[in-house]
Amino acid sequence: MNVIPQPVRDGFGRLLDPLVRWLIRRHVPPNVLTTVGTLVLVGSALTFAAAKIHWGGFLLLFSGVFDMVDGRVAREGSMTTTFGAFYDSTLDRVGESALFTGVAVYFLRGGVPPERLAAAVLACFVALAASLLVSYTRARAEGLGLSAQVGVAQRAERVLLLGVPTLFFGAGNRGALLFWIVVILAVATSVTVVQRVIYVARSAGTQGAGRAGRQRETLPGHAPALQSRKGH
């Protein structure tokens, strides 16, 4: 189940068609778009840490535009590469790590009342760890020839849930709004990890019926190929 319906995703994607075509005509490398998007996301993290919450939300949403177009430019412009997929996925993890670190710094600098500080920082840690696991579960599933594009809090949902409210309302009274957003993100993203594990377990059981068992890899994360520029 996706919180954002596929028709909505497709409609927003069509709005970006002119931008994608313009970037392709200009021969803008997808890796440049990925790098700029990550820098914008790091800028969002820094503004959150500096208590400029409205700007943090704006930059977070703006970074999402780059996140949506870099893969399309690569595919539609015939510029896909194995390194590009690796680079995109790696920088996405860098951006998410920076973002939740920035929010945690805001909390530590007095963004929430002292009695709520420990819970706020813990929620940031859980949200970050679960976000990384959401991406990892999909990448590992695809490396095993399966798909795991399910869950209530995929990357688009996480960006919108954190970006839209903070853009319009800031952190709320004594940081209450931002605190509860991060708590919801921590819970929803953890649920997404469980959903993907269950989905892959069922898919593997179905595909593996009557088939010789595949040898388990000793080291995790060694997928035979990176199949796309997105692994969220």
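The values are calculated or read from the model by the stated rules, or taken from the named source; none is laboratory data. Small disclaimer: the values here were computed from a predicted structure and weren't measured. Using ideal geometry, Cβ is built from the backbone for each residue, glycine included, and neighbour counts are taken over all protein chains shown.
Taking segment 92-142 as the range and being among the β-branched types (V, I, T) and in a helix (DSSP H, G or I) as the test, the residues that pass are V94, T101, V103, V105, V121, V126, V134, T137.
With the requirement that a residue be assigned to a loop (DSSP other than H, G, I, E, B) and modelled with pLDDT of 90 or more, what does segment 11-36 give you? Break it down into steps so the answer makes sense when it comes.
Filtering segment 11-36 for residues assigned to a loop (DSSP other than H, G, I, E, B) gives 16, 26-29.
Result: R26, H27, V28, P29.
Hey, any hits in segment 187-194 for a residue that's touching a His at 6+ places or on another chain (Cβ under 9 Å) and either at negative phi or in a helix (DSSP H, G or I) (or both)? No, segment 187-194 has no match at all.
Here E157 meets each of (1) at pLDDT below 95; (2) over 14 Å from A127 (Cβ atoms); (3) assigned to a helix (DSSP H, G or I) with one exception, condition (2).
Residue by residue, here is whether (1) among the small types (G, A, S); (2) more than 17 Å from the chain's Cα centre (by Cα); (3) farther than 16 Å from G64 by Cβ holds:
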{"site": "T81", "(1), (2), (3)": "no, yes, yes"}
{"site": "D88", "(1), (2), (3)": "no, no, no"}
{"site": "L108", "(1), (2), (3)": "no, yes, yes"}
{"site": "V121", "(1), (2), (3)": "no, yes, yes"}
{"site": "S131", "(1), (2), (3)": "yes, no, no"}
{"site": "V150", "(1), (2), (3)": "no, no, yes"}
{"site": "R174", "(1), (2), (3)": "no, yes, yes"}
{"site": "L177", "(1), (2), (3)": "no, yes, yes"}
{"site": "V194", "(1), (2), (3)": "no, no, yes"}
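On the stretch given as segment 37-62, residues that are over 17 Å from F168 (Cα atoms) and either assigned to a loop (DSSP other than H, G, I, E, B) or among the hydroxyl-bearing types (S, T, Y) (or both) total 2. The set of residues in segment 102-120 being out of contact with any Ser or Thr (no Cβ under 8 Å at 6 or more places or on another chain) and closer than 19 Å to L61 by Cβ consists of V103, Y106.
Candidates are the residues of segment 160-179 that are of a type outside the set (A, V, I, L, M, F, W, C) and surrounded by fewer than 19 Cβ atoms within 10 Å (Cβ to Cβ); the one that is nearest to A127 (Cα to Cα) is P165.
Can you tell me how many residues within segment 45-85 are hydroxyl-bearing (S, T, Y) and within 20 Å of R9 (Cβ to Cβ)? Here the count works out to 1. Going through (1) crowded, with 17+ Cβ neighbours inside 10 Å; (2) in a helix (DSSP H, G or I) one by one, G151 falls short only on (2). Pairing each residue of segment 1-21 that is closer than 21 Å to A188 by Cβ and of a type outside the set (S, T, N, Q) with any residue that is exposed (fewer than 10 other Cβ atoms within 10 Å of the Cβ) and modelled with pLDDT of 70 or more, provided the two are 6+ apart or on different chains, yields no C-beta distance under 9 Å.
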